[in-house]
Amino acid sequence: TRTPVNVTVTGAAGQIGYALLFRIASGHLLGADVPVNLRLLEIPQGVKAAEGTAMELDDCAFPLLRDITITDDANKAFDGANVALLVGARPRTAGMERGDLLQANGGIFGPQGKAINDHAADDIKVLVVGNPANTNALIAQRNAPDVPADRFTAMTRLDHNRAVAQLAKKLGVTVNEVKRMTIWGNHSATQYPDIFHAEVAGKNAAAEVNDEKWLAEEFIPTVAKRGAAIIDARGASSAASAANAAIDHVHTWVNGTAEGDWTSMGIVSDGSYGVAEGIISSFPVTCKDGKFEIVQGLEINEFSRARIDASVGELIEERDAVQELGLI
Ligand code: NAX
């Protein structure tokens, strides 16, 4: 039998945590034959609720779930972690400036990065979901100098999945016929969902759509502002779809992308496509054997260039701000 994989989830008592933990425990994160130990990190006020969720996890009698640890101590939560899902973050509240938001999150992701550096397993893979996800991932990564930088990723898979769904709807096809979607840049309103390289039933998606006005005025804003539309309709932010995207992100990273397809991940830039080196930005990537590679050689037209540059510009500003605050 396989050794259980240690999966750490922060913000375990939150709404994404609630949608996420049952799917991890039932084998959707890593595979139907991989046993898991769950390590749940919460702030002290969240521990009791996390214990309640753990009672429900027990009550599911999941065959793959071996052990659950609940703690408010990051050093304990990341001890031996193979996969870490950093979901808990400080949300922006009324009247909060960007600097305050980054400062508050630096106080979370800096120490968590250090705890990962000091205690996680050698094969640790980190996904940051908590917003601002890209910059929080950068803070964690810079506070973990002994961990290879490519183990820190930020989630743009929800944006990717949203873009796939919107495109499929527009062209009247099923989502599994859409391939090679790309999200570039920041997980924010400046993100750029790019269909110029996407394929629909084997044909180029942009050519099939053939409507730049729809692209600029409907598709891109619908994908970029989907989070706000969900809040408006549901009265709460996306949770099950965000948890699903986190599952997809890690599953793809570990188990690989399908032949001829790729996915989108926020990763440390190596300077590809003119994206500033060192920032955590979303790229088209293929995954194989637990590693990812940026898809190279895509032609970037003027329409795409302007939008990638705008989102990267925002990430550079965020990086400069956390640098000035001494968080990286
Ligand atoms: P909730 O407020 O329901 O839950 C957050 C949980 O994190 C709370 O239980 C809180 O006690 C805990 N927490 C706070 N600080 C912590 C710390 N230092 N250590 C451990 N736990 C801590 O938020 P939820 O709806 O679950 O969303 C979580 C995060 O995901 C938010 O930052 C949200 O903005 C972000 N999202 C990111 C998305 C993405 O695509 N990257 C999409 C969905 C979501 O909006």
Considering only protein heavy atoms and a 1.4 Å probe, what is the carbon-and-sulfur percentage of the accessible area of the chain? 48
Under 5 Å between amide hydrogens, which residues at least 5 positions from Thr69 or on another chain qualify, with H placed 1.01 Å from N in the peptide plane? Leu38, Arg39, Leu40
Cα-centre dipole for segment 5-154 with unit charges at Cβ (Lys and Arg positive, Asp and Glu negative), debye to 20: 440
Tell me, how many Å apart are the Cα centres for segment 207-255 and for segment 298-328? 20
In square angstrom, rounded to the nearest 10, how much accessible surface does Arg2 have for a 1.4 Å probe? 130
Based on Cβ point charges of +1 for Lys and Arg and -1 for Asp and Glu, what charge dipole magnitude is obtained for segment 215-328 about its Cα centre, in debye rounded to the nearest 20? 380
Which of the lysines could a cross-linker bridge to Lys169, judged by Cα under 27 Å and excluding same-chain residues fewer than eight apart? Lys179, Lys203, Lys213, Lys225
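What number in nm² do you get for segment 114-250 if you take the convex hull of its Cα atoms and divide its surface by four?
9.3
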In percent, what relative contact order does the chain have, based on Cα pairs under 8 Å that are 6 or more apart in sequence? 17
In whole Å, largest first, the alpha carbons of segment 157-318 cover along the principal axes 37, 36, 34
Prolate/oblate/rounded call for segment 5-154, Cα gyration tensor, a/c under 1.5 rounded: oblate
Of Gly31, Met181, Asn117, whose Cα points farthest to the positive end of the dipole of the chain (charges on the beta-carbon: +1 Lys, Arg; -1 Asp, Glu; origin at the Cα centre)? Gly31
With only Lys, Arg, Asp and Glu charged, each at its Cβ (+1 for the first two, -1 for the last two), find how big the charge dipole of the chain is about the Cα centre; round to the nearest 20 debye. 480
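Taking Cα pairs under 8 Å and at least six residues apart, what relative contact order does segment 157-318 come out at, in percent?
Numbers: 263 pairs, mean separation 42.5, N = 162.
Over segment 157-318, the number comes to 26 percent.
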Looking at the chain, identify the longest residue range that excludes and avoids all GluC sites (Glu not before Pro) in DSSP loops having at most 15 other Cβ atoms within 10 Å. 98-258
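In the chain, what % of DSSP beta bridges are antiparallel (nearest 5)?
Among the beta bridges of the chain, antiparallel pairing accounts for roughly 45 percent.
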Expected vector for segment 110-119, Karplus 3J(HN,Hα) from phi with 6.51, -1.76, 1.60 and θ = phi - 60°, integer Hz, x for Gly and Pro, equals x, x, 5, x, 5, 5, 5, 4, 8, 10
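Where only protein heavy atoms count, and the probe is 1.4 Å, what is the accessible area per residue for the chain in Å²?
44
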Could you tell me which residue out of Ile195, Ile316, Ile294 lies farthest along the dipole of segment 157-318 toward its positive end? Charges go on the beta carbon: Lys and Arg +1, Asp and Glu -1, centred on the Cα centre. Ile195
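Please list 27-37, 281-291 highest first by mean number of surrounding beta-carbon atoms within 10 Å per residue. Present the calculation step by step, with values, prior to reporting the outcome.
Details: 27-37: 16.9, 281-291: 19.5.
Top of the packing list down: 281-291, 27-37.
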Rounded to whole Hz, the Karplus (6.51, -1.76, 1.60) HN-Hα couplings of segment 251-263, x for glycine and proline: 4, 5, 4, 7, 9, x, 8, 5, 3, x, 10, 8, 9
On a 1.4 Å probe surface of the protein chains, which of Tyr273, Tyr18, Tyr192 comes out largest in accessible area, and what is the full order? Tyr18, Tyr273, Tyr192
Please report, to two decimal places, log10 I(q)/I(0) for the chain at q = 0.09, 0.11, 0.12 Å⁻¹ as given by the Debye formula with identical point scatterers on the Cα atoms and no solvent. -0.44, -0.67, -0.81
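The values are calculated or read from the model by the stated rules, or taken from the named source; none is laboratory data. Because the structure is a prediction, the values reported are computed rather than measured. Don't worry about glycine lacking a Cβ; one is built from the backbone with ideal geometry, like all the others, and counts go over all protein chains shown. Ligands, DNA and RNA are stripped out before the accessible areas are found, and what is left, the full protein with its side chains, is counted by its heavy atoms. Shrake-Rupley method; radii C 1.70, N 1.55, O 1.52, S 1.80 Å.
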